[in-house]
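All remarks here apply to the structure that follows.
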Amino acid sequence: MKKSTRRALGAASFLFLAATFLVSPAFAAEVPTNVTNIFRPLSIPAQAIREVSLLVLAICAGIFLVVGGLLAYTVIRFRQRPGDDGREPPQIYGSNQLEFAWTVIPIVTVFVLFLATARTIYDVQGAIPPADALNVTVVGHQWWWEIRYPELGIVTANEMHVPVSESSKRRPTFLKLESADVAHSFWVPQLAGKTDLIPNRENRMWIEPLQPGTYVGNCAEYCGMQHARMLLRVVVHPAEDFEKWAAAQRQPPVDDPQARAGRDVFFTTSCINCHTIKGTNAMGTFGPDLTHLMSRETLGAGTVPNTAEKLRAWVRDPQTIKEGCNMPDMQLTDTELNQIVAYLLTLK
Ligand code: CUA
């Protein structure tokens, strides 16, 4: 590659990076994006974090420009030239003004950064839940999320539903984070920072989404083989839609007489050791609650869409979809498989 081309490419990629960096925070986001974008927060704590991050970035960019600029100036201005006499430049020791400046300016800078960060941490971590805040307990499992609403009597998995917060009626959601096995980390970038889920410990965080829609996130702490397929979605509803969702989730499971055969197979195999179907003797807690399985969008914590075809493939042998996951191949016959899937499909 020619030198000039290389230089042009270098400059172009620098400009591109700089533009991405500077311009992306400026877009006013109206809807959640389906990529995990930290520059488009749509929730109070995420916005607070973005503001302090931009301040830190701006200060650091300023320092970079000053230091880099002085360095570049010195290197160019005082470079070696033909005809130099080869003597060392005059050696100067001690300058009170200089020493004072390079002591005081960094101290002030660090102090400003410290105060701004401490204030944001205090605002985010010290938030007191209002009386009508929604309380949700999230339990990290290898490799899925258990989501419980203790006050509403709802248990679901991998897809958290919450109400939107409006200026006229704020509805934050406060989360209690636990783990059933190893350390995981709850991260939905447009809603809040990360918080770890640690065994034998209760961590807390909150989100306050300002726009309805589906927010995507993932486990952000390596937790074993299928860490990458431990995806998370938060569905934010307008208030009345959230009430409708909650009411539907509180319903007992559908008991469709047409699906009796599958129900019988389900209740006579070891499915019930790991899964719960509310109000039945399937009371396992090792795997996701299946009471309203078909109300969810995905299977395997976001691994595949929750369609009849994928559900069948999953029940036949989950290991082909999510290798290493803790649900074994149940060695069902084709008839049993069809019956169980027919039954599961009724669990709306
Ligand atoms: Cu759970 Cu990574």
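One line per residue, one yes/no per condition, for (1) open to solvent by 20 Å² or more (accessible area, probe 1.4 Å); (2) at negative phi; (3) of a type in the set (S, T, N, Q):
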residue	(1), (2), (3)
131	yes, yes, no
141	no, yes, no
151	yes, yes, no
173	no, yes, yes
180	yes, yes, no
185	no, yes, yes
Exercise. Quick one: is residue 63 touching a helix residue (DSSP H, G or I) at 6+ places or on another chain (Cβ under 9 Å), open to solvent by 50 Å² or more (accessible area, probe 1.4 Å) and more than 30 Å from residue 167 (Cβ to Cβ)?
Worked result: yes
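Can you give me the number of residues within segment 260-277 that are surrounded by 15 or more Cβ atoms within 10 Å (Cβ to Cβ) and in contact with a Leu (Cβ under 9 Å, 6 or more places away or on another chain)?
Adding up the residues that qualify gives 7.
Which residue is farthest from the ligand (Cβ to nearest atom), if the candidates are limited to segment 173-191 and must be assigned to a strand (DSSP E or B) and over 17 Å from residue 216 (Cβ atoms)?
Step one: filter segment 173-191 for residues assigned to a strand (DSSP E or B), giving 173-179, 184-187.
Okay, now just the ones that are also over 17 Å from residue 216 (Cβ atoms), so 174, 176-179.
On the way: 174: 21, 176: 17, 177: 12, 178: 13, 179: 8 Å.
The residue in question is 174.
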For this session: Collect the residues in segment 96-129 that are aromatic (Phe, Trp, Tyr) and either closer than 30 Å to residue 205 by Cβ or under 29 Å from the mean Cα position of the chain (by Cα) (or both), keeping them in residue-number order.
Result: 111, 114, 122
For this session: Say whether the condition of being open to solvent by 50 Å² or more (accessible area, probe 1.4 Å) and within 26 Å of residue 153 (Cβ to Cβ) is met by at least one residue in segment 305-320.
Result: no
Problem set entry | Residue count for segment 199-232, restricted to those that are more than 16 Å from the chain's Cα centre (by Cα) and not polar (S, T, N, Q) | 7
Problem set entry | Wholly enclosed helices (runs of 4 or more DSSP H) of segment 192-290 bearing at least 2 residues within 16 Å of the ligand (Cβ to nearest atom) and at negative phi | none
Exercise. Which of (1) within 16 Å of the ligand (Cβ to nearest atom); (2) assigned to a loop (DSSP other than H, G, I, E, B) is the odd one out, the single condition residue 166 does not satisfy?
Worked result: (1)
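The values are calculated or read from the model by the stated rules, or taken from the named source; none is laboratory data. The structure presented is a predicted model; accordingly, all values stated were derived computationally and were not measured. Glycine also receives a Cβ, built like all others from the backbone with ideal geometry; neighbour counts cover every protein chain displayed. With ligands, DNA and RNA removed, areas are computed over all heavy atoms of the protein, side chains included. Shrake-Rupley method; radii C 1.70, N 1.55, O 1.52, S 1.80 Å.
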